[in-house]
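Notes follow once the structure below has been shown.
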Amino acid sequence: MAQRYDVSLKALFLREGDGIIRRLLFGGKVIENLTVEQPQIFNHRADMLVRTEDGSLHQVEFQSANEVSFSLRMLEYYACLVRTHNQHVTQTVLYLGREPLRMERSYKSPSIEFRFEIFNIRDIDAEPLLASEDWADNALALLANGEAKKVLETLLPRLRSMQQQEQDWASATLVLLSGILGMEEVVSERLQEVGMINVMENKVLAPLIQQRFEQGLEQGLERGLERGLERGLERGLEQGRSQGQQELLLEQLAEKFGSLPEWATKRLLCASVEEVHVWGKRILRSTSLEETLA
């Protein structure tokens, strides 16, 4: 699956939660995320491997496209994971692609019959996911069985209620996942209209967030998973937030009030993160430059 979706989906489930999709994929409450590294002779890496509270192991794969011989790859995963952990591994696939699901749920030959489970996100009703307290459910509701634009409008109040850093991360994840539906521009524009920073189009934040998602996730998978992701994402957001917000607000002010006088530019460039955040919301209702930067 495309790496940007892969990383974002794993990030959703590495954070704490106990929602509908988690139970569907993992079969119980996760108590441990395990390494997905394999011996060098095996060049695949499983998306997720977790241990649930009953002691069972569950491997989850996220697929945004149909893949030829996918069932054989799952068999390879199974053999290697059982050899590594010396116990049965339940395998589940979450399919999120726009194309109809065509992958087989089994691999058969004259000497073996091997099966695993595939869930198609399009077969899951969006309403229960939207009602869940788990943001992983909420975000994936955009891809579920429902009207995507209505789902987005339902998600906006939940996003507004988050703290700033959490809101940045959740908004970025939503924009990335919307790419599966080809809705990045729609989601980005709507987030900008309601006054939330459009992090995935920001020149500073977008590459930093993507890089930190990937770096943080890889580090976390090797030494504790979620801690590495949190640290990587936090460093990326802190480094880029101030300059990114300033650039975005400068563009918004110029769009609304025309060419900016020197005093306004200087005031904005010297402002704190908190001031820029306040002004970014105030511009939605202000009628003059002076009122916005008061």
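The values are calculated or read from the model by the stated rules, or taken from the named source; none is laboratory data. Predicted model only: the values in this text are computed from it and were never measured. Heads up, the Cβs are rebuilt from the backbone with ideal geometry, glycines too, and the neighbour counts pull from every protein chain shown.
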Self-check item: Checking residue 83 against (1) in contact with a helix residue (DSSP H, G or I) (Cβ under 8 Å, 6 or more places away or on another chain); (2) surrounded by fewer than 19 Cβ atoms within 10 Å (Cβ to Cβ), the condition it does not meet
Solution: (1)
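Between 161, 71, which is small (Gly, Ala, Ser) and assigned by TED's automatic domain parsing to the domain that holds residue 31?
After applying the criteria, what remains is 71.
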Quiz prompt | Residue, modelled with the lowest pLDDT, within segment 27-51, restricted to residues that are within 20 Å of residue 63 (Cβ to Cβ) and surrounded by fewer than 18 Cβ atoms within 10 Å (Cβ to Cβ) | solution = 42
Quiz item: Which residues, counting only those in segment 74-96, are over 19 Å from residue 52 (Cα atoms), touching a residue at least 40 places away in the same chain (Cβ under 8 Å) and either outside the structural domain of residue 57 (by TED's automatic domain parsing) or out of contact with any Ser or Thr (no Cβ under 6 Å at 6 or more places or on another chain) (or both)?
Solution: 74, 80
Self-check item: The lone exception for residue 153 - which of (1) in contact with a helix residue (DSSP H, G or I) (Cβ under 7 Å, 6 or more places away or on another chain); (2) modelled with pLDDT of 90 or more; (3) outside the structural domain of residue 55 (by TED's automatic domain parsing); (4) among the acidic types (Asp, Glu) it fails
Solution: (1)
Quiz item: surrounded by 13 or more Cβ atoms within 10 Å (Cβ to Cβ) and assigned to a helix (DSSP H, G or I) - does that describe any residue in segment 106-116?
Solution: no
Quiz item: Based on what the data block shows, is residue 94 closer than 25 Å to residue 182 by Cα and either surrounded by 14 or more Cβ atoms within 10 Å (Cβ to Cβ) or not aliphatic (A, V, I, L, M) (or both)?
Solution: yes
